[in-house]
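Handing you this structure, nothing more for now.
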Amino acid sequence: MGNIVKSACPLNCWDSCGFNVTIEDGNIKRVEGDPHHPITKGKICGRGRMLEARTNSDQRITHPLKKVDGEFHPISWKQALDEIAEKLSEIKKAYGPTAVFHSHDYANSGLLVNLDKRFFNNYGGVTEVIGSLCWGSGIEAQKWDFGDSYSHAPEDIFNSKHIVIWGRNVARTNMHLYEYLQKAKAAGATLTVIDPIYNATAKIADRYISVKPGMDSFLALGIMKEILRLQLEDRLFIKNYSVGFEDVEDLLASISLEELSQFAEVPIEVFTDLAKIYGNGPTMTYLGLGMQRYENGGNTIRTIDALIAMSGNVGVPGGGANYGNLQVGQSFNIESLTMPHRRQESRQFTMMKQAEEVLKANEPPIKMIVVTCGNPLTQVPDTNLVKQAFESVETVVVLEQYMTDTAAVADYILPVKTSFEVEDIYYASMYHGYMNYSAALVEAPGEAQSDLWIWTELSKRLGFGEVFDFTREEFLEMGLADLNVHGISLSKLKQEHHLLLPVKKVPWEDKVFKTPSGKYEFTASRLDQEGKISLSYPRESSVNNPVLVEKYPYTLLSLHPMRSNHSQHYHLIAGLQQNRVEVSEDVALEKNLSENDRVRVYNDRGQVIGHVKIMKRAHPKTINIDEGNWSQFGGTVNLLTSNEPSDNGLGSILYDCLVNIEKWS
Ligand SMILES: Nc1nc2c(c(=O)[nH]1)N[C@H]1C(S)=C(S)[C@@H](COP(=O)(O)OP(=O)(O)OC[C@H]3O[C@@H](n4cnc5c(=O)[nH]c(N)nc54)[C@H](O)[C@@H]3O)O[C@H]1N2
Ligand SMILES: Nc1nc2c(c(=O)[nH]1)N[C@H]1C(S)=C(S)[C@@H](COP(=O)(O)OP(=O)(O)OC[C@H]3O[C@@H](n4cnc5c(=O)[nH]c(N)nc54)[C@H](O)[C@@H]3O)O[C@H]1N2
Ligand code: SF4
Ligand SMILES: [Mo]
């Protein structure tokens with residue numbers, strides 16, 4: 001039977017689902033959807049259901065471990081914390097606090113996860129990561145254009161005449177948007193999918209457009225050129241609410257439709273077709289992260305934004321350039337949780353270049369790395385370099401639940417609780433505007449502790465224990481303080497389990513933008529450098545590097561896996577434990593490959609071995625290996641990817657990656 005309680009999904013995902021969790025004899029038995037959640041309505045994915053296994057698995061790390069002579073040995077919490085605190089204090093004295101590097105990602109979307117920064121800021125300010133492997137180029141791009149990255153409320157889709165899914169793998173990564181798409185389609189909206197891979201979302205579309213990876217800006221320019229020819233642009237918006245459109249017109253005049261079609265590998269008729277879609281809106285565009293993971297990624301998102309703006313689809317119901325939804329996270333009082341004013345020193349490495357920076361840092365050198373909510377040896381590009389960097393540092397401390405590739409190179413592993421073992425509030429700044437509450441539901445196995453307990457214990461030893469002298473509830477109330485005026489409190493949230501944050505349903509409806517000019521900026525004034533959109537190409541492409549294309553003729557994508565959230569589920573699902581190398585039909589033909597052939601995919605950075613699967617209707621010269629795989633199961637695709645940053649400096653170029661492939665026995 002068991003007792004059913006409400007909870008929430010902690011995984012880094014668009015959907016941020018509400019859960020009903022069954023508890024029996026003090027253990028998690030089952031994880032299901034909460035039918036009362038306004039957006040996720042009782043449906044969840046396999047990754048969410050698998051959180052039962054992630055909590056109960058006997059592979060969990062249950063005791064602090066210390067590496068001695070290359071082997072891990074269990075030690076007491078007291079020993080682990082005393083030794084780490086002593087090292088932290090010695091490092092600060094000898095080199096300053098920025099000799100400590102905090103490497104993290106966003107594996108848990110709990111509000112109190114931010115308290116790691118409270119610890120590091122009070123320590124004096126460490127070397128931090130900036131930018132994002134995930135969506136950094138696109139977020140920065142939208143900040144230049146709109147001043148911020150905001151999305152429409154999910155239900156606003158029913159005001160759309162046309163819906164365009166541009167580089168988002170909705171059926172796989174954003175399941176509730178997929179449901180909304182089906183409903184909006186049934187209610188009469190048209191659906192267009194733009195993607196180099198004919199994915200499950202493309203299958204339900206009225207129009208599928210196959211584009212050359214990394215070349216979407218040429219498609220967007222082609223559509224704009226046709227919009228101008230057909231006089232479908234929104235002159236009122238351009239005149240009253242934007243700056244810089246003349247620069248876009250100049251750019252469009254500098255290149256022909258034929259050239260645009262050749263670059264994008266999209267026929268001109270498609271430009272015309274989409275010009276009519278955008279010109280006869282409202283047309284709602286959902287941008288995914290696909291096309292911004294290239295060196296020209298920021299420019300690509302800005303060009304698509306420009307198309308959406310000039311066609312009159314910004315600030316109107318049923319429209320929007322829906323990418324991130326940062327207004328969700330901005331609702332919380334993050335600064336009172338993180339105390340940035342306590343920093344005495346600071347240094348930043350980008351997410352992408354963290355390994356290279358660790359290796360070359362000397363003022364001061366990196367003496368300790370602390371990893372939280374991240375698995376850089378699997379998820380950060382150019383794995384061979386990441387491994388070398390982490391192995392080069394004297395002390396690596398990893399807060400983990402499992403023996404990941406990153407934990408395996410640690411000197412200390414501190415075992416942490418899973419989301420069902422702590423109280424927190426979960427939200428995603430990606431799609432809908434609800435936050436969800438979860439109480440601590442079960443006891444943790446062995447000696448696993450919460451991340452917060454670890455910061456509290458370390459802070460006491462380092463002499464600033466008072467800043468952690470709060471209960472979890474008090475910290476949650478601190479994070480919600482600014483919301484009280486909106487009638488939102490922790491007690492109300494506990495009662496209702498989910499509450500809508502005060503987010504705009506139709507962002508930019510007042511046509512007042514957060515840019516320096518207050519207008520939509522076709523040409524960005526945010527920076528000193530020229531803010532015009534331009535013709536730009538992926539780094540590893542025939543335009544920028546024809547020699548490399550001869551050696552490595554195929555583009556390698558590394559999409560998010562269906563059944564795992566990044567690297568979090570591979571060790572629990574036997575069927576995932578080898579690399580599947582998906583190739584477009586022309587690659588199979590060129591290389592004489594059949595289904596299940598064993599192949600080697602390689603470039604100058606590394607190689608990955610796997611088995612062939614042939615993708616129907618994928619764009620020519622395209623290969624995909626899903627991201628997240630562990631070294632013991634054949635290795636991460638990041639052995640092949642590049643650690644270069646995108647054009648605006650804050651994003652990765654994970655999909656801007658040329659490879660070759662051969663049979664391998
Ligand atoms: N199942 C599952 N779901 C997840 C996650 C997971 O790990 N597993 N992770 C979550 C997280 S953290 C994130 S960030 C989101 C990401 O969600 P998505 O944005 O959907 O992520 P991607 O896997 O990058 O897929 C993007 C799509 O872009 C396409 N694409 C690649 N290159 C190009 C291009 O040049 N142009 C165009 N037009 N399309 C291109 C790909 O073929 C793919 O269909 O998913 C979230 N949901
Ligand atoms: N090639 C390629 N690389 C990619 C991507 C891609 O599409 N292709 N996707 C990128 C994207 S979008 C993202 S968001 C990143 C994700 O990168 P990561 O966030 O590093 O990946 P995850 O596998 O989600 O999680 C990392 C670890 O966090 C641990 N963890 C979970 N909860 C907690 C917690 O509460 N406390 C602590 N201390 N640890 C916890 C998990 O056990 C897991 O091992 O990867 C990026 N890397
Ligand atoms: S991973 Fe995403 S879709 Fe799956 S249960 Fe969690 S929030 Fe929902
Ligand atoms: Mo992500």
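List, please: which pairs have Cβ atoms under 8 Å, are six or more places apart or on different chains, and start with a residue in the range 399-417 that is of a type in the set (Lys, Arg) and end with one that is in a strand (DSSP E or B) and away from ligand 3 (no atom under 16 Å from the Cβ)?
Matching pairs, first to second residue: Lys417/Gln449.
Scan the range 306-314 and give yes if some residue there is β-branched (Val, Ile, Thr) and buried (at least 24 other Cβ atoms within 10 Å of the Cβ), otherwise no. Quick ask: steps written out before the conclusion?
Step one: filter the range 306-314 for residues β-branched (Val, Ile, Thr), giving 308, 314.
Pick out the ones that are also buried (at least 24 other Cβ atoms within 10 Å of the Cβ) and you get 308, 314.
Looking for residues that are β-branched (Val, Ile, Thr) and buried (at least 24 other Cβ atoms within 10 Å of the Cβ), one finds at least one in the range 306-314, hence yes.
Does Pro507 satisfy the criteria of being more than 25 Å from Tyr180 (Cβ to Cβ) and either crowded, with 21+ Cβ neighbours inside 10 Å or touching a His at 6+ places or on another chain (Cβ under 9 Å) (or both)?
Working: more than 25 Å from Tyr180 (Cβ to Cβ): no; either crowded, with 21+ Cβ neighbours inside 10 Å or touching a His at 6+ places or on another chain (Cβ under 9 Å) (or both): yes.
It is false that Pro507 is more than 25 Å from Tyr180 (Cβ to Cβ) and either crowded, with 21+ Cβ neighbours inside 10 Å or touching a His at 6+ places or on another chain (Cβ under 9 Å) (or both).
Also, I was wondering about something else. From the list Gly46, Gly18, exactly one residue is more than 16 Å from ligand 4 (Cβ to nearest atom), closer than 17 Å to His560 by Cα and in contact (Cβ under 8 Å) with a residue 12 or more places away in the chain. Which is it? Can you show your working first?
Working: Gly18 fails: closer than 17 Å to His560 by Cα.
Residue meeting the stated conditions: Gly46.
Same structure again: Hey, which of the strands (runs of 3 or more DSSP E) in the range 104-212, taking only ones fully inside, have at least 1 residues that are in contact with a strand residue (DSSP E or B) (Cβ under 8 Å, 6 or more places away or on another chain) and surrounded by fewer than 21 Cβ atoms within 10 Å (Cβ to Cβ)? Write out each step before concluding.
Values: elements: 127-130, 162-166, 190-194, 207-209.
Filter on the range 104-212 gives 127-130, 190-194, 207-209.
Let me ask something else about it. How about the range 263-302: which of its residues are surrounded by fewer than 24 Cβ atoms within 10 Å (Cβ to Cβ) and among the hydroxyl-bearing types (Ser, Thr, Tyr)?
Residue satisfying the conditions is Thr272 alone.
Can I ask one more? Which numbered condition trips up Val328, out of (1) touching a helix residue (DSSP H, G or I) at 6+ places or on another chain (Cβ under 9 Å); (2) farther than 30 Å from Gly465 by Cβ?
(1)
Going by the structure shown, is Thr98 more than 16 Å from ligand 4 (Cβ to nearest atom) and either more than 26 Å from Leu480 (Cβ to Cβ) or surrounded by fewer than 17 Cβ atoms within 10 Å (Cβ to Cβ) (or both)? Outline the logic, then answer.
On the way: more than 16 Å from ligand 4 (Cβ to nearest atom): yes; either more than 26 Å from Leu480 (Cβ to Cβ) or surrounded by fewer than 17 Cβ atoms within 10 Å (Cβ to Cβ) (or both): yes.
Spelling it out, Thr98 is indeed more than 16 Å from ligand 4 (Cβ to nearest atom) and either more than 26 Å from Leu480 (Cβ to Cβ) or surrounded by fewer than 17 Cβ atoms within 10 Å (Cβ to Cβ) (or both).
Restricting to the range 142-180, count the residues that are within 16 Å of ligand 4 (Cβ to nearest atom), small (Gly, Ala, Ser) and within 21 Å of Lys504 (Cβ to Cβ).
2
Could you list, ordered by first residue, the pairs with Cβ atoms under 9 Å in which the first is in the range 359-384 and over 24 Å from Asn108 (Cα atoms) and at pLDDT 95 or above and the second is acidic (Asp, Glu) and away from ligand 1 (no atom under 16 Å from the Cβ), at least 6 apart or interchain?
The qualifying pairs are Ile366/Glu357; Ile366/Glu394; Lys367/Glu90; Lys367/Glu394.
Among the residues of the range 397-447, which ones are more than 22 Å from Leu81 (Cβ to Cβ), under 21 Å from the mean Cα position of the chain (by Cα) and among the aliphatic types (A, V, I, L, M)?
Ile425, Ala428, Met430, Met435, listed by residue number.
Just the residues that are acidic (Asp, Glu) and not in a loop (DSSP other than H, G, I, E, B), please, taken from the range 520-569.
Just the residues of the range 520-569 that are acidic (Asp, Glu), to begin with: 521, 528, 530, 540, 550.
The answer is Glu521, Glu550.
Now for a separate question. Which of (1) touching a Gly at 6+ places or on another chain (Cβ under 8 Å); (2) more than 28 Å from Arg47 (Cα to Cα); (3) within 15 Å of ligand 2 (Cβ to nearest atom) is the odd one out, the single condition Phe120 does not satisfy?
Among (1) touching a Gly at 6+ places or on another chain (Cβ under 8 Å); (2) more than 28 Å from Arg47 (Cα to Cα); (3) within 15 Å of ligand 2 (Cβ to nearest atom), Phe120 violates only (1).
The values are calculated or read from the model by the stated rules, or taken from the named source; none is laboratory data. What you see is a predicted model, and the numbers here were worked out from it, not measured in a lab. Reconstructed Cβ throughout: ideal geometry from the backbone, glycine too, with neighbour counts over all protein chains shown.
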